[in-house]
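The values are calculated or read from the model by the stated rules, or taken from the named source; none is laboratory data. Nothing here was measured: the structure is a model prediction, and the numbers come from that model. Note that we place each Cβ from the backbone using ideal geometry, even for glycine, and neighbour counts take in every protein chain shown. For accessibility, only protein heavy atoms count, side chains too; no ligands or nucleic acids. Shrake-Rupley method; radii C 1.70, N 1.55, O 1.52, S 1.80 Å.
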Amino acid sequence: MLTALTRPEVAARLGLKEGTLRVWATKGRGPRFVKLGLSQRSPVRFLETEVDRYLADPEAYEREQLSRGR
């Protein structure tokens, strides 16, 4: 079963502030997420598997995302 995490949950796992995740999102950094709506204020969710992959090797994860055109 897939588990979706909130921004506060991911920030806690990564040892970051939520604002840092927001900034990273604008720059295409960090774990991939899904936006749940069309407005700027729509909540986002992160798949736990993506967060775990990012935690395992952040540099390799970001290189892979860049190579995919993210």
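Got a sec? Which of Glu59, Glu18, Glu9 is of a type in the set (Asp, Glu) and touching a strand residue (DSSP E or B) at 6+ places or on another chain (Cβ under 9 Å)?
Glu9
With in a loop (DSSP other than H, G, I, E, B) and either touching a helix residue (DSSP H, G or I) at 6+ places or on another chain (Cβ under 7 Å) or surrounded by 11 or more Cβ atoms within 10 Å (Cβ to Cβ) (or both) as the only criterion, which of Pro8, Pro31 stands out?
The unique qualifying residue is Pro31.
Would you pick out the residues in segment 34-57 that are open to solvent by 70 Å² or more (accessible area, probe 1.4 Å), within 24 Å of Ser67 (Cβ to Cβ) and of a type in the set (A, V, I, L, M)?
Val34, Leu55, Ala56
Among all residue pairs at least 6 apart or on different chains, which show Cβ distances below 7 Å where the first residue, located in segment 38-58, is free of Cβ contacts under 8 Å to residues at least 24 places away in the same chain and at negative phi and the second is of a type outside the set (D, E, K, R) and crowded, with 17+ Cβ neighbours inside 10 Å?
Partner pairs satisfying both residue conditions: Glu50/Pro31; Arg53/Tyr61.
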